[in-house]
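Notes follow once the structure below has been shown.
The values are calculated or read from the model by the stated rules, or taken from the named source; none is laboratory data. Remember, it's a predicted structure, so these values are computed and weren't measured experimentally. Note: ideal-geometry Cβ built from the backbone for every residue, glycine included; neighbour counts use all protein chains shown. Only protein heavy atoms, including side chains, enter the accessible area calculation; ligands, DNA and RNA are left aside. Shrake-Rupley method; radii C 1.70, N 1.55, O 1.52, S 1.80 Å.
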Amino acid sequence: MVQPGRILPLCALSVLAFAPVAAVPLPVTGRVELSATAAENIARAAAPVDQLDGERLQLALGAGTWREWRNQLLTTAELSATFEHLPDYSHADGGSFGASAGVRRKLGLGPFAPAIDAGAGVFHRDARENRDDGTTSTASLRVSKRLGSAWRLSVTGDWLQHDARGAMFDRRHRRLLAALNWDVTTRWQLTGGMGRLWGEFTANASSPVWHRALDGALGPTVANYYRQLPWDYTYLYGPDWVSYRTHGRSTFRWLEVSPALARNTALALRYEWLTTINQVGIKYRQKNWTLTLLQRF
């Protein structure tokens, strides 16, 4: 069920931020993103026998506005919605909608001056697995700088908390990542980056694999740890599959090539690989190929 009380405060804050200039018509921007991902180990499973491949289709819509102030200051506000479909595992389908706001400050004049961006958002998630329904809160801080006419560097720290109806879907993590952009030509851009995530995440396992771990097949340390975790049967990736919440860290890297198809249209091909290790040393490895079409209005 939608919880408007969790989203309205941020919406109100966004409105108040623009209230002093309400008499001035503000620009309205829009975006549509279509993406298709081919994922290795889409279920984030540890055992090789459970590492399923699959596709993920996503549609993201956004509408927002912005305002320039004195002293190189820019504020933004956006309402957005995202819909996700897994053709082979439709029980894992879901979507979210909510509001976000941000502020950008450029520290100096000229194209090579660094900039600081801060943002926050609140979103309601509505999943086919209703125990994954809940409220997601986000916050981020990014520092970016152009290193030359064709190179840009950015460092981002962000935080996410998802308060779900089911404890195995609660997620809290923080990330630190860096990205380097190269404008190869006026139309082609190449991006590479890496980062680290710390916190809680949801993983999945088939029933036989899960119960063997609980019975000590991976040793007493793993068994004792897994017995303390929130888990339940969710059937997200097959009959009798289990979802559970664990703690750990992830290392991720990516490469992306993005040609501009038109002034407001871009296509991006991204390859990302992730290695996640939980608190007792169990590893989850994933690789993703994602093709995204972005149209701005």
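Just so you know, in the stretch 249-297 the residues that are small (Gly, Ala, Ser) and touching a residue at least 60 places away in the same chain (Cβ under 8 Å) include one that is farthest from GLN51 (Cα to Cα), and it is ALA260.
Which members of the stretch 9-68 meet the condition of being under 30 Å from ASN278 (Cβ atoms), more than 18 Å from the chain's Cα centre (by Cα) and either at pLDDT below 95 or open to solvent by less than 50 Å² (accessible area, probe 1.4 Å) (or both)? Please lay out each step first, then the result.
As a first pass, look at the stretch 9-68 and keep what is under 30 Å from ASN278 (Cβ atoms): 35-58, 60.
After this cut, where a residue has to be more than 18 Å from the chain's Cα centre (by Cα) as well, the list is 45-54.
Residues satisfying the conditions are ALA45, ALA46, ALA47, ASP50, LEU52, GLY54.
Checking each residue in the stretch 159-185 for being under 30 Å from TYR233 (Cα atoms) and either outside any strand (DSSP E or B) or of a type in the set (Phe, Trp, Tyr) (or both) picks out TRP159, ARG165, GLY166, ALA167, MET168, PHE169, ASP170. Quick check on my filter: what residues within the stretch 186-202 are open to solvent by 30 Å² or more (accessible area, probe 1.4 Å) and either touching a helix residue (DSSP H, G or I) at 6+ places or on another chain (Cβ under 7 Å) or not in a strand (DSSP E or B) (or both)? Those that are open to solvent by 30 Å² or more (accessible area, probe 1.4 Å) and either touching a helix residue (DSSP H, G or I) at 6+ places or on another chain (Cβ under 7 Å) or not in a strand (DSSP E or B) (or both): THR186, ARG187. Residue count for the stretch 158-167 satisfying the condition of being open to solvent by less than 40 Å² (accessible area, probe 1.4 Å) and over 21 Å from LEU229 (Cβ atoms): 1. Kindly check whether there is at least one residue in the stretch 93-102 that is in a strand (DSSP E or B), within 20 Å of PHE297 (Cα to Cα) and either over 20 Å from the mean Cα position of the chain (by Cα) or of a type in the set (Phe, Trp, Tyr) (or both). Yes, that holds for at least one residue.
Kindly establish whether ARG249 is under 25 Å from GLY98 (Cα atoms), part of a strand (DSSP E or B) and open to solvent by 30 Å² or more (accessible area, probe 1.4 Å).
no
Screening VAL280 on (1) assigned to a strand (DSSP E or B); (2) open to solvent by 30 Å² or more (accessible area, probe 1.4 Å) shows it passes everything except condition (1). Of the numbered criteria (1) touching a residue at least 60 places away in the same chain (Cβ under 8 Å); (2) farther than 28 Å from HIS91 by Cβ; (3) not in a strand (DSSP E or B), the one ASN224 fails is (1).
Given the criteria over 17 Å from the mean Cα position of the chain (by Cα), under 26 Å from GLY199 (Cα atoms), open to solvent by less than 40 Å² (accessible area, probe 1.4 Å) and without any contact (Cβ under 8 Å) to a residue 60 or more places away in the chain, does SER137 qualify?
no
Please determine whether any residue of the stretch 231-243 is assigned to a strand (DSSP E or B), within 19 Å of the chain's Cα centre (by Cα) and not basic (Lys, Arg).
Filtering the stretch 231-243 for residues assigned to a strand (DSSP E or B) gives 231-233, 242-243.
Right, trim to within 19 Å of the chain's Cα centre (by Cα) and you get none.
So far as the stretch 231-243 goes, no, none of its residues is assigned to a strand (DSSP E or B), within 19 Å of the chain's Cα centre (by Cα) and not basic (Lys, Arg).
Applying the criterion of being among the small types (Gly, Ala, Ser) and farther than 21 Å from GLU272 by Cα to the residues of the stretch 203-221, the residue that is most open to solvent (accessible area, probe 1.4 Å) is ALA217. Condition test on THR156, is it in a loop (DSSP other than H, G, I, E, B) and either touching a residue at least 24 places away in the same chain (Cβ under 8 Å) or not basic (Lys, Arg) (or both)? No: the conditions fail for THR156.
Here's the yes/no breakdown for (1) farther than 24 Å from GLY62 by Cα; (2) open to solvent by 60 Å² or more (accessible area, probe 1.4 Å); (3) not aromatic (Phe, Trp, Tyr):
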site	(1), (2), (3)
ASP126	no, yes, yes
LYS145	yes, yes, yes
GLY148	yes, no, yes
THR156	no, no, yes
PHE169	yes, no, no
LEU176	yes, yes, yes
